[in-house]
């Protein structure tokens, strides 16, 4: 019978998903749907996989199918709301969350994410009103505890954050991801309370949990490959697109280097749309060999680019980002992978501008370590030595781009921006080819919501407390200092 066979496949797919084997889970779900295209459990899992992979349009499509198949389940409007939050469509997210709560007024995931939306909009009291009754009753779950802890840290009450975190970490059935997230939150609470040694120990524990595999030699080889392939000699022989569009701005830099701050300043300009960490350039790069019919892998396949292919690919990028905003004269992309792909930018979008964000290496690397970066995208971030190596390789690649590319690249020092906001902001806007607008100095009052790790900071005026943060932890940072020295 199809039914029991499908159920067994769904159980196995769920196990694969929880173990991080997304491709096998996806294959199992597709097998189920070949036998029964209306299996909502398989469609649901495909939606979860798409969401985790950043394929938000696919996730939305899967979740909508589930909602049509099971209209009485609050889970599906809730999942659609999560997609809306990531897309910064917060009004849409609230409508979907309210739809879920109409089906089940006590549905905790929807209540939690409604609090998340309020928090990210700066409506802290409204967020607290949703979660505090559960915390006071001791019935909060791990996700709700995380939201409450962030609210208490924002209110400078680390002791309250530590209490709810400790309550959750004592639960033996806590999911590994929740344990990691809450351990990061515990570390932040210790740091907020001035207990630096306990904070660093908690950061170490958090990074150890669910750490991804990282091969330093393979990473260096990847950078070697980019530098060797995008050589001066090769670039001189390659075609370049003839489009003269000045629409694209690419913000490049390591995570935690000030890219979100620069993005907010630019986005505050009336003629700029800050698209955030969009992956359109990465998609073009990852599918480049296939799209041009090359048997060579990237980056070697660039040697087979033709005038027609660079024209088409450049227009593809412009069409994709123009859909995000029809009116702005500039659209900024701040994907953290941008710095790896500037060679492709120079070929496809020769009039694009690149803003390169730099920050003190120790502050940058430590902030990567103390932040919950996605292991799938940043597998190096759980180890101080690996972070130091990656930082030096990033520097090496950026020096190469600045030597061989003929597109404009502006270096922006995070420390200089903090020290002299107006001067540096004016220089950034001038570099973008725009007239100065004073709104760029009041970016924190724009009402825009950022979906990066810095989302809570962009509602504040520029501040300098994060400069030299590494000195608080200096006695713990020997491995990082050694890695930076060895690779520098």
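Each reported figure results from applying straightforward, stated rules to the coordinates on display, with no laboratory input. This is a predicted model, so every value here is computed, not measured. Positions of Cβ are backbone-derived with ideal geometry, glycine not excepted, and every protein chain shown enters the neighbour counts.
Some notes on this structure:
- Gyration tensor verdict on segment 216-487 (Cα atoms; rounded if a/c is under 1.5, prolate if a/b is larger than b/c, oblate otherwise): oblate
- Spin-label pair residue 95-residue 175: with each label point 7 Å from Cα along the Cα-Cβ axis, the two points sit 2.8 nm from one another.
- Among 45-53, 325-333, 363-371, the order from most to least packed when residues are scored by Cβ within 10 Å on average: 363-371, 45-53, 325-333
- Theoretical FRET efficiency, 1/(1+(r/R0)^6), r = Cβ-Cβ of residue 86 and residue 303, R0 30 Å, to 0.05: 0.25
- Between residue 11 and residue 419, the modelled label-to-label distance comes to 6.4 nm, taking each label 7 Å out from Cα in the direction of the beta carbon.
- Relative contact order, percent, the chain [alpha-carbon distance under 8 Å, six or more residues apart]: 13 percent
- Each of 119, 159 has some number of other Cβ atoms within 10 Å of its Cβ, and from fewest to most they run 159, 119.
- Label zone of residue 329 (point 7 Å out along Cα→Cβ, amide N under 19 Å): in segment 265-282 this covers 265-275.
- Potential lengthening between residue 237 and residue 219 on full extension [0.36 nm per residue; Cα-Cα distance subtracted]: 3.8 nm
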